[in-house]
1. So if I check each of Asp11, Asp15, Asp40, which one is surrounded by 13 or more Cβ atoms within 10 Å (Cβ to Cβ), of a type in the set (Asp, Glu) and more than 9 Å from the chain's Cα centre (by Cα)?
2. How many residues are under 16 Å from Leu67 (Cβ atoms) and either among the aliphatic types (A, V, I, L, M) or without any contact (Cβ under 8 Å) to a residue 24 or more places away in the chain (or both) when one looks only at region 7-36?
3. Hey, Ala55 hits all of (1) under 10 Å from the mean Cα position of the chain (by Cα); (2) modelled with pLDDT of 95 or more; (3) more than 17 Å from Ala70 (Cα to Cα) but one; which does it fall short on?
Amino acid sequence: SDLFVVCVQNDDCDDLELRKLYQVLPDEAAVADGLLRIIDESGEDYLYPAECFAALELSNDTAQALLAAA
């Protein structure tokens, strides 16, 4: 299922908003380096430190609704 996270820290990250949900794109190499590939406010995907986010456990229906609204 698709993973969503909430931004809990945005120091030096102008394209992230605190307390906002972000979609995470699969990127195993980034995760191995402690990074997440996030679709940010620019609409593009970029790598950000994983500690800037808290993972969310969402039902499939909720995740699909968020993806449809994006």
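1. When all the criteria are applied, what remains is Asp15.
2. Number of matching residues: 5.
3. (2) is the only condition that Ala55 fails.
The values are calculated or read from the model by the stated rules, or taken from the named source; none is laboratory data. Please read all numbers here as calculations on a predicted model, not as lab measurements. Please note: Cβ atoms are built from the backbone with ideal geometry, for glycine as well, and neighbour counts cover all protein chains shown.
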